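What follows is one structure encoded as structure tokens, with my remarks underneath.
Computed from the coordinates by the stated procedures, all read-outs in this text should not be read as laboratory data. Given the structure is predicted, the values throughout are model-derived calculations rather than measurements. Reconstructed Cβ throughout: ideal geometry from the backbone, glycine too, with neighbour counts over all protein chains shown.
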């Protein structure tokens, strides 16, 4: 479901509003007024390229003044919550990917005053861009996720969409670890995860060696060693 919001006429904008309204309504059951607000919020975000409430209010119908729309937006975010399953399924319907998903796991961490905001999330890769479809709030802490947090996120995805929906999982070198990788192998999830060239691996014969001794072969060095 693609929107070229910037170049829409009034009639075309109303058409896009109707399509989006119906798409959301098919998956998320909230009252019409709040559904209407959510639809205009999404369209306004796309048009104005911002999440600033005052600017988002400018994308609402002109029948009411901006202050009324602003209060409506504030009430929406203060009062409305969504069921995670319904919201993720809605996102899945709107992502133009047929068949299996190429997934990416990542984490973002920033501070709001003294509060740490730490999110672990799964994205569907589409046209070189990761579109978040599930996430976990890791609490008021800094630093990496742990194995149990990663497993929980993957299990929630599997419960919603099935392991057969996963083509493969990619992740950066934060996402290493014996128990984590063993979990992926047990679930038969193919994964492509970066790791340092001095990372030690255990061979089938029980011996250990650095990854660079296995992967940094002629013609492969630039591809596999980090």
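Just one of (1) without any contact (Cβ under 8 Å) to a residue 60 or more places away in the chain; (2) crowded, with 16+ Cβ neighbours inside 10 Å; (3) outside any strand (DSSP E or B); (4) in contact with a helix residue (DSSP H, G or I) (Cβ under 7 Å, 6 or more places away or on another chain) fails for residue 136. It is (3). Within the range 179-189, if we keep just the residues that are surrounded by 11 or more Cβ atoms within 10 Å (Cβ to Cβ) and in contact with a helix residue (DSSP H, G or I) (Cβ under 9 Å, 6 or more places away or on another chain), the residue that is nearest to residue 125 (Cα to Cα) turns out to be 189. Looking only at residues that are under 21 Å from the mean Cα position of the chain (by Cα) and exposed (fewer than 12 other Cβ atoms within 10 Å of the Cβ) in the range 29-64, which one is farthest from residue 89 (Cα to Cα)? Only one residue tops the list, namely 52.
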